[in-house]
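Derivation of every value follows stated rules applied to the coordinates shown; laboratory data play no part. Bear in mind the structure is a predicted one, so any value in this text is a computation, not a measurement. Note that we place each Cβ from the backbone using ideal geometry, even for glycine, and neighbour counts take in every protein chain shown.
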Amino acid sequence: MPSIADAIRGTPFEGMTSEELIELVSRPARPNSGAVMRAYRPSERDKSGAALAKMLGDGYVANRTARAVLGSSGIGGGGTLPLGLSLADLTPAGTAYGLDEAGRSAAAGDYTSAAIETGFAALPFARPVAGAAKRVVGRALPKPKPNAPRLTPTFEVKPGTNTGQPDPTDPRKGRWDRFSVTGGRQDALYRGAGLKQGPTRQGTGAYRNSLGEMEYNPVFAGDVELPGGLANPKNRKNVEALEALRALIDAQEAGAAHTIGEAGADNAILLERSRLPRGAEMAALSDMGDLPYMATSSNRGALAFPYDTGDSSRLDEVADKLAAEMNLPGSRQRRVSAETVYVPGLAKGFDDDFNIVASEPFSGEATEGVLRRLAEADDDMTARLAGDRGFRGVVNEKIARDADLPGARQDLQETRRLFADPRWNEALQLIRLGASPAAALAAIGYSTSALAGER
């Protein structure tokens, strides 16, 4: 691994020590923004859980045991009992942990959670009620506005066929685990970024991989409120960064999302139905012949949209084809204005025809590419995501799940460890100041040669 001095030679940071670099990126992100980049401070529960996991020998079993007993293995995530409880929450120790967590919520500006945690921490054995109360309040307060553009992130629930990452499907359950969906069926990525959303739903996705093969896999379709839509350049950069990050961590060649309800001329067909398309329905919808359109699951049914969202010249033909073939029984056809995001994840990028191009592991290029996108995104959003315990929790769960998976890509595991470390946002600050991703990563102790390849 190169030294920090070697990594930053020839950059504006040459000659600075690692302590000076970290101090630099810990300054406010913008004048008067109030956002300060700081390393994650473990809670008392996290400290106790980390100590117990270490005493038990670390590893998946040790971490799972620590979460069952104390509610954390050092990275948050909650207990394994119903309502996210641990055994400690059924003892007076739960009161002490609750008061500490209330103080942290207040310091982060989450006064709703702080009030609930403080009130219930004073009552013995009441954390189950506190957890339920927070969920009820959480559902009541962030109701998405019906007239705002809606973003549907669509993410597959198994690794891409050509990524080299084995499928960790549990044959006893018959489905892949819901990595990106947390309590309340909300997308952990957008929840961590602070965006309001409705419930996530499951359907089938259609995707042409880097081998030129069509994949029809189960997908989750989110429902995120996005005022201004993807027509807003800041929103587009944020969504592109988040979907590239998701695709990288989830072992997908590309990430995708779309909006319905944009201002402007209609360019797509929404097949509105309460149930999302499955299997054969999606395969039939994807057969567009010579029409330059694609189909995807949407939180409101299915969406047929053009490759070029600025070209609606053949919309009438698409509408006629869908009406004649009736590939989604029980749906109602509506013309809508839509915008799309499609970004490379665990892949080199796109060729001239916008097809995914595969590449080799251990180059670090995929991770560098995602870091560049994140550096172009809103700094307050990335700071919030890096500090979000729920986001780090699902990343760490994925690391633990794949630790003993035969053939698992170790460069991908190392990339996941990077994004489970809140200091990745400090690296972003260095990139925003002109450092290369390699130099920024070296400053926080990571090497690109150990991280996932492809850009």
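Could you list 370, 69 so that the one with the fewest beta carbons within 10 Å of its beta carbon is first and the one with the most is last?
69, 370
At 7 Å along the Cα-to-beta-carbon direction for both residue 316 and residue 51, put a label point, then send me their distance in nm to one decimal.
7.5 nm
Starting from the amide H of residue 261, placed 1.01 Å from N in the peptide plane, find each other amide H under 5 Å away whose residue is 5 or more places distant or on another chain.
When sequence neighbours closer than 5 places are left aside, the close amide H contacts are 337.
Can you compute 3J(HN,Hα) from phi for each residue in the range 225-236, using the Karplus curve 6.51 cos²θ - 1.76 cosθ + 1.60 with θ = phi - 60°, rounded to whole Hz and x for Gly and Pro?
6, 9, x, x, x, 6, 5, 6, x, 5, 4, 4
Under a 5 Å amide H to amide H cut-off, with H placed in plane at 1.01 Å, what residues pair with residue 215 once short-range neighbours are removed?
207, 208, 209
Please rank 307, 207, 190, fewest neighbouring Cβ atoms within 10 Å first, as an exposure proxy.
Exposure proxy ranking, most exposed first: 307, 207, 190.
May I ask you to evaluate 6.51 cos²θ - 1.76 cosθ + 1.60, the Karplus curve with θ = phi - 60°, for each residue of the range 372-388 and list the ³J(HN,Hα) values in order in whole Hz, giving x for glycine and proline?
Those phi angles translate into 5, 5, 5, 5, 7, 7, 4, 5, 5, 5, 5, 5, 5, 5, 4, x, 7 Hz.
Which order do peptides 149-155, 263-269 fall in by mean Cβ count within 10 Å, highest first?
Per-residue mean Cβ counts within 10 Å order the peptides as 149-155, 263-269.
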